[in-house]
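*Asks:* Structure incoming, see below.
The values are calculated or read from the model by the stated rules, or taken from the named source; none is laboratory data. This structure is a prediction, so every number in the text was calculated from the model and none was measured. Neighbour counts run over all protein chains shown; Cβ positions are idealised from the backbone, glycine included. Remember, those area values only see protein heavy atoms, side chains included, never the ligands or the DNA or RNA. Shrake-Rupley method; radii C 1.70, N 1.55, O 1.52, S 1.80 Å.
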Amino acid sequence: MASYRNGNQTQTTVRIIVYDIEVFRYDWIIVFYDVTANKRSVFHNEPEIVRRFMSQPNVIFCGFNVKHYDNYIARAICCGADNTLVKQINDFIIEEKRDGWEHHFIRQNRFTFDSFDLADDTQVGTSLKHIEAHLGWAIVESEIDFSIDRPLTGEEIASTIRYCKWDVK
């Protein structure tokens, strides 16, 4: 992060961090990509570390469709939701097609961070997979079933991290 003087004012560069979250019944994974530092950070079931990471000053988090999903999951994690509750909030948003802000845990707990949604700059209905196709990239899907009813194996965690890194890219 750099600071510079502009007349009598000091300007601080804000770092942009792109992120994506994958949620399973017993596991969640977050991949962060710091655009400014060209550095990735990966967290697996480490809520306190994620809370500290997302509490950094002068950072704006972004991703594709984060304002409808990832921001609520990140908020739940940072507010101390256990893996069962994180999965319940995930299903509330994905399966029940409800807005994350309607969930009782989200309504009762606060954790703020600055973010913007890359999907806001696309035509309505455009998915991340559409963008990948238009860029001529491979369409990568998760190899792991999100409804798996057991903790992920080491190999499944590694596969999910690869998938999540691809989405962040």
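*Asks:* If you go through the stretch 116-169, how many residues are modelled with pLDDT of 75 or more and in a loop (DSSP other than H, G, I, E, B)?
*Replies:* Counting residues in the stretch 116-169 that are modelled with pLDDT of 75 or more and in a loop (DSSP other than H, G, I, E, B) gives 11.
*Asks:* When you scan the stretch 44-66, do you find a residue that is under 13 Å from the mean Cα position of the chain (by Cα), part of a helix (DSSP H, G or I) and either in contact (Cβ under 8 Å) with a residue 60 or more places away in the chain or under 20 Å from residue 147 (Cα atoms) (or both), even just one?
*Replies:* Yes, there is a match, as at least one residue in the stretch 44-66 is under 13 Å from the mean Cα position of the chain (by Cα), part of a helix (DSSP H, G or I) and either in contact (Cβ under 8 Å) with a residue 60 or more places away in the chain or under 20 Å from residue 147 (Cα atoms) (or both).
*Asks:* Separate question: I'd like the full set of residues that are in contact (Cβ under 8 Å) with a residue 24 or more places away in the chain and under 18 Å from residue 44 (Cα atoms), limited to the stretch 78-99. Give the steps one after another, and end with the answer.
*Replies:* Quick first cut of the stretch 78-99, residues in contact (Cβ under 8 Å) with a residue 24 or more places away in the chain only: 78-81, 83-84, 86-87, 90, 93-94, 99.
Result: 78, 79, 80, 81, 83, 84, 86, 87, 90.
*Asks:* Taking the stated definitions as given, is residue 22 among the acidic types (Asp, Glu), open to solvent by less than 60 Å² (accessible area, probe 1.4 Å) and at pLDDT 95 or above? Full working, then the answer.
*Replies:* Working: among the acidic types (Asp, Glu): yes; open to solvent by less than 60 Å² (accessible area, probe 1.4 Å): yes; at pLDDT 95 or above: yes.
Taking the combined requirement at face value, the residue satisfies it.
*Asks:* Of everything in the stretch 146-162, what is buried (at least 18 other Cβ atoms within 10 Å of the Cβ) and not β-branched (Val, Ile, Thr)? Give them in sequence order.
*Replies:* If the condition is that a residue be buried (at least 18 other Cβ atoms within 10 Å of the Cβ) and not β-branched (Val, Ile, Thr), then 152, 156 are the ones that fit.
*Asks:* Considering only residues that are without any contact (Cβ under 8 Å) to a residue 24 or more places away in the chain and part of a strand (DSSP E or B), look in the stretch 25-40 and name the one that is surrounded by the most Cβ atoms within 10 Å (Cβ to Cβ).
*Replies:* Step by step, filter the stretch 25-40, then rank; the result is 34.
*Asks:* For the stretch 67-82, check the following and say yes or no: at least one residue is at pLDDT below 95, more than 16 Å from residue 25 (Cβ to Cβ) and polar (S, T, N, Q).
*Replies:* no
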